[in-house]
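Reviewing the structure listed below.
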Amino acid sequence: MLDKPETGLEEADGVLVDRATFTGNRGLAIEEGLIFELGRPEASGVDLPEPAPFQSRLGGLERKTPIGLPGLSEPETVRHYVRLSQKNYSIDTGIFPLGSCTMKHNPRLNERMARLPGFGDIHPLQPQSSVQGALELMKEISHWLLTLTGMQAVALSPRAGAHGEACGMMAIKQALIARGEAEQRKVVLVPDSAHGTNPATATLVGFEVRSVPAREDGIVDVEAVRQALGPDVAAIMLTNPNTCGLFEKNIVEIAEAMHEAGAYFYCDGANFNAIVGRARPGDLGVDAMHINLHKTFSTPHGGGGPGAGPVVLSSRLAPHAPLPFLVQEKAGLRLVEDKAEAPGTFGRIGAFHGQMGMYVRALTYMLSHGADGLRQASEDAVLNANYVRVGLADLMSLPFGNRPCMHEALFDDAWLKGTGLSVLDFAKAMIDEGFHPMTVYFPLVVHGAMLIEPTESESKATLDLFVAALRDLAMAVQRGDKERFLGAPHYAPRRRLDETRAARTPVLKWTKPAPIEN
Ligand SMILES: *Cc1c(COP(=O)(O)O)cnc(C)c1O
């Protein structure tokens with residue numbers, strides 16, 4: 001943790017003040033207070049006439065004192081929210097190389113389509129006969145997802161990747177119940193490199209996690225999987241390409257071993273962006289896989305908007321898919337919502353049918369790219385990651401050697417050894433250069449991991465500048481220019497924050513400071 005003077009903040013009258021400038025602003029980055037600090041109860045942006053005399057029907061229960069909400073004029077309101085919006089770094093601001101997150105460009109066309117009244121203004125409780133167009137769209141996106149993955153059935157309703165994992169694992173559990181083996185098969189194999197949601201999901205659904213080590217070269221060891229298998233194993237949860245950015249080349253063998261042992265293969269499909277149009281999970285022996293529509297098929301995510309995590313299922317699990325699902329009938333499309341019609345289903349994963357707006361955005365993305373465009377996007381994502389890898393390989397260290405990666409390049413902190421600087425210092429210094437840092441300290445299997453996923457959206461010029469900036473930083477590390485890193489970020493409105501204290505003792509409530517007495 002750094003001391004107060006190093007953060008640029010000083011305590012004055014019990015309030016932390018940035019003394020770098022008189023106003024606390026940094027250049028045109030304006031320091032903005034909370035609306036409760038800025039607003040005045042008596043101010044208003046609108047001028048309404050006095051209400052006509054009326055008689056209250058609240059029987060004396062109405063509030064007698066002013067409510068005290070902060071008021072602002074219209075320009076003050078506009079400025080407050082615009083200033084807040086400018087505090088967000090986003091993919092619209094610059095490259096967002098956050099590994100495992102697929103922060104690609106969000107085409108504006110997606111948003112335009114999602115707001116068409118026929119999609120945007122319908123209600124989930126409308127009679128199905130009045131929303132046939134929306135159901136048609138759900139059928140169309142199902143068709144694309146099944147074609148791209150080579151799978152048998154799709155459950156559209158999960159609202160996120162992690163929710164999709166829960167859906168897939170519940171389908172597996174239901175299949176085991178149907179086989180009468182749910183009591184016996186309690187264990188789910190999870191590789192060490194897995195995303196944290198995988199073991200969390202397995203546990204939530206009532207399984208026990210048995211971890212499987214990776215080999216020296218970063219992929220899962222088939223022999224280790226075989227050894228971990230037994231009559232107590234329900235499934236494996238495997239990410240492919242994995243979180244080290246490597247293709248699990250023994251995936252077919254692993255799938256076969258699972259099936260021979262009577263277990264299922266759940267694939268975490270969050271990294272599907274690397275293989276769309278190139279490999280079909282159905283051909284690899286996958287039984288269930290979620291697709292993060294918000295990653296692979298664009299749309300703002302990570303605090304920026306809703307997600308959707310449809311789950312594709314093999315013929316082994318299709319009978320256990322959740323409600324509702326679509327059927328085509330003479331009279332039109334219909335969502336099956338009743339358990340009586342689907343005896344194998346495990347039930348529902350959420351209310352209604354899922355995130356309609358996300359289906360529209362993802363299908364818009366698919367249709368505007370076309371099958372060839374989707375494949376090219378994947379190829380370019382892989383090409384861009386390898387471009388970054390090669391551009392930095394002589395200065396930074398690669399845990400699995402300088403070999404081709406998939407859509408993300410993984411570095412470790414071996415090259416920082418003895419410099420007195422950490423991955424965190426390096427990441428913070430990137431902020432001074434105007435770059436959002438990459439994912440750091442994940443995956444856990446690699447010491448001091450730095451996971452860079454540029455995605456296909458970035459031009460060569462952007463990647464060249466990104467690589468040049470990281471090279472410049474890496475050379476500063478080698479020169480021993482510690483100053484550049486230890487206090488970084490130096491130029492951001494807030495400097496090195498005490499993240500541990502923020503997490504341990506969060507201040508979640510604003511209390512009005514006492515007036516200063518003169
Ligand atoms: C993003 C991600 C998830 C979780 O997806 P959400 O949509 O954030 O719930 C799971 N696994 C991996 C590998 C991911 O990258």
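May I ask you to verify whether ILE275 is β-branched (Val, Ile, Thr), open to solvent by less than 20 Å² (accessible area, probe 1.4 Å), farther than 23 Å from MET138 by Cβ and within 14 Å of the ligand (Cβ to nearest atom)? It is true that ILE275 is β-branched (Val, Ile, Thr), open to solvent by less than 20 Å² (accessible area, probe 1.4 Å), farther than 23 Å from MET138 by Cβ and within 14 Å of the ligand (Cβ to nearest atom). Among the residues making up segment 431-462, those that are more than 18 Å from ALA393 (Cβ to Cβ) and touching a helix residue (DSSP H, G or I) at 6+ places or on another chain (Cβ under 7 Å) are GLU433, PHE435, PRO437, VAL440, TYR441, THR455, GLU456, GLU458. Tallying residues that are more than 19 Å from GLU42 (Cβ to Cβ) and part of a loop (DSSP other than H, G, I, E, B) within segment 52-94 yields 19.
Go through segment 297-335 and report how many residues are over 27 Å from TYR365 (Cα atoms) and out of contact with any Ser or Thr (no Cβ under 7 Å at 6 or more places or on another chain). Even if it seems obvious, please write down each step before you answer.
Our first condition is that a residue be over 27 Å from TYR365 (Cα atoms); within segment 297-335, this holds for 315-317, 319-320, 329-331.
Subset that is out of contact with any Ser or Thr (no Cβ under 7 Å at 6 or more places or on another chain): 315-317, 319, 329-331.
Residues meeting the conditions: 7.
Scanning segment 179-192 for residues that are touching a helix residue (DSSP H, G or I) at 6+ places or on another chain (Cβ under 7 Å) and closer than 30 Å to ALA449 by Cβ, which turns out nearest to the ligand (Cβ to nearest atom)?
Initially, segment 179-192 is screened for residues touching a helix residue (DSSP H, G or I) at 6+ places or on another chain (Cβ under 7 Å), giving 182, 185, 188-190.
Okay, now just the ones that are also closer than 30 Å to ALA449 by Cβ, so 188-190.
On the way: VAL188: 15, LEU189: 16, VAL190: 11 Å.
It comes out as VAL190.
Looking only at residues in segment 303-320 that are buried (at least 24 other Cβ atoms within 10 Å of the Cβ) and small (Gly, Ala, Ser), the one that is farthest from the ligand (Cβ to nearest atom) is ALA308. Counting residues in segment 121-136 that are within 16 Å of the ligand (Cβ to nearest atom) and either without any contact (Cβ under 8 Å) to a residue 40 or more places away in the chain or open to solvent by 50 Å² or more (accessible area, probe 1.4 Å) (or both) gives zero.
If you check ASP287 against the conditions, is it crowded, with 20+ Cβ neighbours inside 10 Å and of a type in the set (D, E, K, R)? Walk me through how you get there before you give the answer.
Working: crowded, with 20+ Cβ neighbours inside 10 Å: yes; of a type in the set (D, E, K, R): yes.
It is true that ASP287 is crowded, with 20+ Cβ neighbours inside 10 Å and of a type in the set (D, E, K, R).
Checking each residue in segment 440-478 for being open to solvent by less than 20 Å² (accessible area, probe 1.4 Å) and not in a helix (DSSP H, G or I) picks out PRO443, VAL446, GLY448, ALA449, MET450, LEU451, ILE452, GLU453, PRO454, THR455.
Considered as a group, the residues in segment 234-272 that are among the aromatic types (Phe, Trp, Tyr) and within 13 Å of the ligand (Cβ to nearest atom) include one that is farthest from the chain's Cα centre (by Cα), and that residue is TYR266. Number of residues in segment 193-233 that are within 15 Å of the ligand (Cβ to nearest atom) and open to solvent by 70 Å² or more (accessible area, probe 1.4 Å): the value is 2.
Filtered by the rule that a residue be away from the ligand (no atom under 16 Å from the Cβ), assigned to a helix (DSSP H, G or I), surrounded by fewer than 23 Cβ atoms within 10 Å (Cβ to Cβ) and not polar (S, T, N, Q), segment 149-178 gives LYS173, LEU176, ILE177, ALA178. Considering the conditions (1) open to solvent by 70 Å² or more (accessible area, probe 1.4 Å); (2) at pLDDT below 90; (3) at positive phi, PHE22 is excluded by exactly one of them, (3). For segment 119-138, residues that are more than 15 Å from LEU333 (Cβ to Cβ) and small (Gly, Ala, Ser) total 1. Against the conditions (1) touching a Cys at 6+ places or on another chain (Cβ under 9 Å); (2) without any contact (Cβ under 8 Å) to a residue 12 or more places away in the chain, VAL446 satisfies every one except (2).
State which residue is farthest from HIS259 (Cα to Cα) when the search covers only segment 283-302 and only residues that are more than 9 Å from the ligand (Cβ to nearest atom) and in a loop (DSSP other than H, G, I, E, B). Only one residue tops the list, namely PRO300.
The values are calculated or read from the model by the stated rules, or taken from the named source; none is laboratory data. Small disclaimer: the values here were computed from a predicted structure and weren't measured. All Cβ positions, even for glycine, are placed from backbone atoms using ideal geometry, and neighbour counts span all protein chains on display. Ligands, DNA and RNA are stripped out before the accessible areas are found, and what is left, the full protein with its side chains, is counted by its heavy atoms. Shrake-Rupley method; radii C 1.70, N 1.55, O 1.52, S 1.80 Å.
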